[in-house]
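First the structure, in the form of structure tokens, and then the observations on it.
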Amino acid sequence: MLRSRITGTGSSLPEKILTNSDLELMVETSDEWITSRTGIKQRRIASEGQFTSTFAVEASRRALEMSGIKAEELDLIILGTVTPDFPFPATACIVQHEIGAVNAAAFDLSAACSGFIYGLSIADKYIRTGEARKVLVIGAEVLSRVVDWTDRNTCILFGDGSGAAVIEACEGDTGLLSTHIFSNGSYWNTLYQPGCGNRNPATNRSVIDDRLCFIKMEGNDVFKHAVRAMEEAACTALAANGMTPSDVSLLIPHQANLRIIDATAKRLGITEEERLFVNLHNYGNTSSASIPISLDEANRSGRMKPGDIVLLDAFGGGFTYGSALMRW
Ligand code: COA
């Protein structure tokens, strides 16, 4: 049976670290508050001259190197981001140029923190239908440039970085078993960037006076929906494959908030440390990059062995959510 399989992973993070103590000097907050409410201890922040494409290119090169394929062999590049280098062209096209993937079609995908799962889902469909054999899926963000550094409700949560995976066609029973993606647009304005699109174009008023080009969020609403949606996405994946949570070797959830991760893991009954991947204390919420960065760390540190059942579970603005189940 023709399947898609991840043959290489890579990630890239800015060197600059912003700790909770650093944030104490910027807004009225404390390390204790941030740690107890979110689990985050520090996040990485892009420096001047570093862009979403900077990290996407680096993560992609590392994923290609691991897979052993050349950039020219890629048929498709899909990049999930809500913080592209420019409104257009697609950041994926910049990546295509930088890595020399001259035979690939390249486009960006906007599904917020679910961007990587959405990308994986599209890659899987292209591969299963025979339209593509080698696809690069990337999640990349520089959220620090759309975070309001005067808003303590949001600025403590987010970080920058990128993760990428090379997906290849393969025969056999390892690889992606299923992907499921969902949206609930009735909450579109619960987590969003109101300005700098065409509803509120960039003007002195929208950008400077009304601060509309920064992330706005109803934290409690997002929290409630995230837990329910991630449970639904995970259960749908397991049911579709005739599995139960006890079959899962490693759950890699979107790294938004430790309390969201713990509540989801508890509902699923996947609470053991060795079955639950967590790294948000180091990076905060990197949106579409969070799952591929985690996947790369889990891969390189040997957390996944051949035959392991790995469950990816995402939730983000839109709302969007989704899951991917694979046999490693
Ligand atoms: N430091 C100190 N106090 C803070 C603070 C901060 N950084 N941010 C908010 N507070 C205050 C609030 O102003 C509020 O004070 P008040 O009671 O005087 O009004 C108090 O802390 C409690 O706020 P509340 O919103 O109830 O806290 P919470 O326990 O819900 O935690 C979040 C807030 C944002 C951490 C939590 O709602 C959350 O994580 N939501 C999901 C966000 C997310 O993951 N988004 C991305 C999804 S992909």
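No lab work stands behind these numbers, since they all come straight from the coordinates. Given the structure is predicted, the values throughout are model-derived calculations rather than measurements. Cβ coordinates were reconstructed from backbone atoms using ideal geometry, including for glycine residues, and neighbour counts include every protein chain displayed.
Could you work out Rg/(2.2 N^0.38 Å) for the chain, with Rg from alpha carbons only? Mind showing how you got there, number by number?
Working: Rg = 18.6 Å, N = 328, 2.2 N^0.38 = 19.9 Å.
Cα-based Rg divided by the globular estimate yields 0.94.
Subtracting the Cα-Cα distance of Asp221 and Arg128 from 0.36 nm times their residue separation leaves 29.8 nm of extension gain. Remark: segment 202-215, residue by residue, has Karplus-estimated 3J(HN,Hα) of 5, 9, 4, 5, 5, 7, 8, 6, 8, 6, 7, 8, 10, 4 Hz, where x stands for each Gly or Pro and the curve is 6.51 cos²θ - 1.76 cosθ + 1.60 at θ = phi - 60°.
Each of the peptides 19-32, 261-274 was scored by the mean count of other Cβ atoms within 10 Å over its residues; in descending order, highest first, they stand as 261-274, 19-32.
For the chain, the residue among Leu79, Phe315, Ile181 whose Cα projects farthest onto the positive side of the dipole built from Cβ charges is Ile181. In this label model, Phe107 and Leu25 are separated by 4.5 nm, measuring between points 7 Å along each Cα→Cβ vector. Note that segment 317-326 has calculated 3J(HN,Hα) couplings of x, x, 5, 10, 7, x, 9, 9, 10, 9 Hz, one per residue in order, obtained from phi through the Karplus relation 6.51 cos²θ - 1.76 cosθ + 1.60 (θ = phi - 60°); glycine and proline are x. For segment 68-97, the residues whose amide N sits under 19 Å from a probe point set 7 Å from the Cα of Val207 along the beta carbon direction are 83-89.
Dipole magnitude for the chain: computed about the Cα centre from +1 point charges on Lys and Arg Cβ and -1 point charges on Asp and Glu Cβ, it is near 400 debye. Per-residue packing, averaged as other Cβ atoms within 10 Å, sorts the ranges 284-295, 3-14 into the order 284-295, 3-14, beginning with the highest. Ordering Leu157, Val27, Thr7 by the projection of their Cα atoms onto the charge dipole of segment 2-172, which places +1 on the Cβ of Lys and Arg and -1 on the Cβ of Asp and Glu, puts Thr7 at the extreme positive end.
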